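Taken together, the values in this text are just the output of simple stated rules run on the coordinates, not laboratory data. None of these values were measured; they are calculated from a predicted model. Neighbour counts run over all protein chains shown; Cβ positions are idealised from the backbone, glycine included.
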Amino acid sequence: MAILEAPENTPVWVNENRCKACDVCVSVCPAGVLAMRQEPTSTLGAMVEIVNPESCIGCTDCELSCPDFAIYVADKKEFKFAKLTDESKSRAEAIKNNNYRKLSA
């Protein structure tokens, strides 16, 4: 089995072929990095999306909670992650209150 390499300059990424859109990763993200987008071709009609990658703090909560091993976080030795801010905490709360869906612009 090959070692999975992070896409360049990317803190977190999703293998959509493995993702079943359960939204568990979105529910545990403390920084509002993830949200669900409308995806008609998905079984559940949604798919996880990285909406604010610049806010990723590298906590790996999303990766560790994914039941399908579909989400990955870069290694802290290879990527400089953000600090958790009040703005990102508020965004995470807003996403959760929006039924884990992307916020309107």
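Once you put a point 7 Å from the Cα of LYS89 and another 7 Å from the Cα of SER42, both along the Cβ direction, what distance in nm separates them?
Computed distance between label sites LYS89 and SER42 equals 2.8 nm.
For each cysteine in the chain, check whether another cysteine's C-beta sits under 4.7 Å from its C-beta; list those where none does.
Within the chain, the cysteines lacking a partner Cβ under 4.7 Å are CYS19, CYS22, CYS29, CYS56, CYS59, CYS66.
Put one equal scatterer on each alpha carbon of the chain, apply the Debye formula with no solvent term, and list log10 I(q)/I(0) at q = 0.14, 0.21 1/Å to two decimals.
Those come out to -0.50, -1.11, one per q.
Taking the Cα centroid of the range 64-92 and of the range 16-56, what is the distance between the two, rounded to the nearest whole Å?
If you average the Cα positions of each part, the centres end up 12 Å apart.
Determine, for the chain, the count of lysine pairs separated by eight or more sequence positions (or lying on different chains) whose alpha-carbon distance falls under 27 Å.
Close lysine pairs under the 27 Å cut-off: 14.
Order these by the 10 Å Cβ neighbour count, fewest first: LYS89, LYS80, LYS96.
Listing LYS89, LYS80, LYS96 from fewest to most nearby Cβ atoms yields LYS80, LYS89, LYS96.
Just rank ASP61, ASP86, fewest to most, by other beta-carbon atoms within 10 angstrom.
ASP86, ASP61
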